[in-house]
């Protein structure tokens, strides 16, 4: 199988078509002034989604992702956690080459059933160029749940609590109030789903 | 306590209106809904008393403190309807002048309950 590496960075290439919490549900919980505050609630839902995905280290909602790797000798690239639908492109970059070259799909295979999913260089294949020292390979793939029914309710509720918190507290400083962190809220709800990277084998 | 946890009553907001009576005066017209016309609010009883009218009738006066998200059209005189009850805003404060929250003083509009014995 060869050495496996995790990505250095994962970038969401496009935005999901929905948020983890539908706007109507968020409105029922946050109770904003309807029509006046809806844009702000919608924006905070998207912010909450990004935070939840980063906290989990996973793709939650269906979107296109691009992960960057410095393979060195590795022949296995581990993708971000979350349901991986398809790997669409693997690209290799030489020094001073921002465009890169597409690695033919005959040179690799995607194992999307694994968790995390992996891209393996096939036997006899090699990276097509002398890879640059940093982020020499990118993998573009579609990942995340297609419908909210596939998203655990704890994750949905954590996103809702987070959006409500950001709505209630639009400034980073609160003066003159005693603050307390409530147990069993965002962190506790997300904890069972946080993905921790294992040592690469 | 956060504002969100206190917003327990969904109310209708309107402004009193009047129209010409055709003889140089004004008569009451149906209230004009504010925009937005609905909002969540807290209503906390503050004081209950009775007012004695010139006709010798007693009228209960009930005062409430309210909190709601900032609404640019809410001002003194705004009518607040919750279920079958109507309140009139008699005081408005923009909390911290932040444009996020209003603290209200309201008086419930009640019927005259009877004359003096």
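Read-outs: derived from the displayed coordinates by stated rules, not from any lab. All values reported here derive from a predicted model rather than from experimental measurement. Cβ coordinates were reconstructed from backbone atoms using ideal geometry, including for glycine residues, and neighbour counts include every protein chain displayed.
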Taking 0.36 nm per residue of separation and subtracting the Cα-Cα distance, what length does fully extending residue B:75 through residue B:101 add?
8.1 nm
Taking a crude spin-label model, label points 7 Å out from Cα along the C-beta direction, the residue A:15 to residue B:35 distance in nm is 2.6
Principal axis dimensions, segment B:1-54 - Cα atoms, whole angstrom, descending
52, 35, 11
Would you mind ranking A:21, A:175, A:5, A:194 so that the residue whose beta carbon has the fewest other beta carbons within 10 Å leads the list?
A:175, A:194, A:5, A:21
Isotropically averaged projected area of the protein assembly as shown, using the convex hull of Cα atoms (one quarter of hull area), nm²:
25.8
Average beta-carbon neighbours from other chains, 10 Å sphere, peptide B:2-8
3
If all Cα-Cα distances of chain B are sorted into 10 Å bins from 0 onward, what percent lands in each bin, rounded to whole numbers?
13, 39, 30, 15, 3, 0
Arranged by the count of other C-beta atoms within 10 angstrom, fewest first, what order do A:38, A:56, A:182, A:160 take?
A:182, A:38, A:56, A:160
Modelling each spin label as a point 7 Å along the Cα-to-Cβ direction, I'd like the residue A:187/residue A:8 distance in nm, to one decimal.
3.1
The helix A:38-56 Cα axis meets the longest alpha-carbon principal axis of chain A at an angle in degrees, between 0 and 90 and rounded to 10, of 50
Which order do A:155, A:174 fall in if you start with the one that has the fewest other Cβ atoms within 10 Å?
A:174, A:155
Over segment A:6-69, the quotient of the Cα radius of gyration and 2.2 N^0.38 Å is 1.30
Residue A:35 to residue A:54: extension gain in nm, 0.36 nm per residue of separation minus the Cα-Cα distance?
3.8 nm
Among bridges DSSP assigns within chain A, what percent are antiparallel (round to 5)?
85
Helix-only mean residue ellipticity at 222 nm, chain A, DSSP H runs n ≥ 4 weighted -39,500 (n - 2.57), per residue, nearest 500. What is it?
-7500 deg cm²/dmol
Say each of residue A:150 and residue A:173 gets a label point 7 Å from the Cα, pointing the same way as Cα to Cβ; how far apart are those two points in nm?
4.5
